[in-house]
Amino acid sequence: MPKLVYYIGVSIDGRIAGPGGEFGFFPQGGEQQSAAYAAWMNERYPETVPTAHRAAAGVADAPNRRFGTVLMGLGTYRLSLADGVTSPYAHLRQYVVSGSLKPDTDPAVTVVPGDPLTLVRELKHAPGAGPDLWLCGGGRLAGSVLPEIDELLIKTYPVVAGAGIPMVDGAFDPTVFDVAERTAFPNGVTLTRLTRRAAESP
């Protein structure tokens with residue numbers, strides 16, 4: 001069964017974007033450090049590079065290594081729409097959860113008007129379900145599907161946002177994850193992979 005993996009960049013105080021959706025404040029380090037960090041990430045997760053940027057990132061022909069499907073909330077999808085891109089991850093199956101987005105925005109994008117939790121469960125149990133599902137954002141969508149998140153891939157940047165969109169924005173629901181791997185980069189970014197802790201038997 002494929003896993004639902006929340007792969008996202010956050011500030012030290014757990015913000016994935018500023019109050020207006022800003023994300024340019026995440027520090028990348030110097031040019032050499034930034035290039036080394038990007039190359040490491042792109043080698044391991046090439047499918048998370050938007051289709052329009054894959055050639056520049058050197059992964060134009062790279063196969064999908066981890067994910068076959070991407071899930072987005074409207075706020076995340078709007079970042080692509082603002083650039084005139086309606087199919088940001090054409091190399092993946094794309095789902096956007098939104099009650100206001102037109103279903104015919106792009107034939108390669110499936111618009112789901114509601115109930116993202118049911119959507120995730122259906123995708124996990126679909127016949128011949130393929131590679132893992134990438135939860136791309138945003139915070140409200142993550143809060144809605146928290147019961148089905150199996151793994152976290154958190155890129156923590158050395159900056160305090162002070163305000164903005166939280167990584168998970170939902171009901172109070174303490175959910176324990178175990179650190180499986182942690183990698184620190186010279187530019188100050190830390191990538192932490194966490195796996196959902198199995199429920200203890202009563």
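Read the figures in this text as sums done on the coordinates, not as results from a lab. Being a predicted model, the structure only gives us computed values, none of them experimental. Virtual Cβ from ideal backbone geometry, glycine too; neighbours counted across all protein chains shown.
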Once Rg and Dmax of the Cα atoms in Å is worked out from the coordinates, which option in [x] 18.8, 69; [y] 18.9, 65; [z] 16.6, 52 does it equal? [z]
Name the aspartates and glutamates eligible as straight-distance cross-link partners of Lys102: C-alpha to C-alpha under 18 Å, and not fewer than 8 places from it in the same chain. Asp83, Asp115
Starting from the Cα of Lys124, draw a straight line to each of the aspartates and glutamates and keep only those under 13 Å, dropping any in the same chain fewer than 8 residues away. Asp132, Glu148, Asp150
Give me the distance in nm between label points sitting 7 Å out from Cα along the Cα-to-Cβ direction at His125 and Leu81, one decimal. 3.1
Can you give the FRET efficiency for Asp13 and Arg197, using 1/(1 + (r/R0)^6), R0 = 30 Å, r = Cβ-Cβ distance, to the nearest 0.05? 0.80
Can you compute 3J(HN,Hα) from phi for each residue in segment 113-119, using the Karplus curve 6.51 cos²θ - 1.76 cosθ + 1.60 with θ = phi - 60°, rounded to whole Hz and x for Gly and Pro? x, x, 6, x, 5, 5, 4
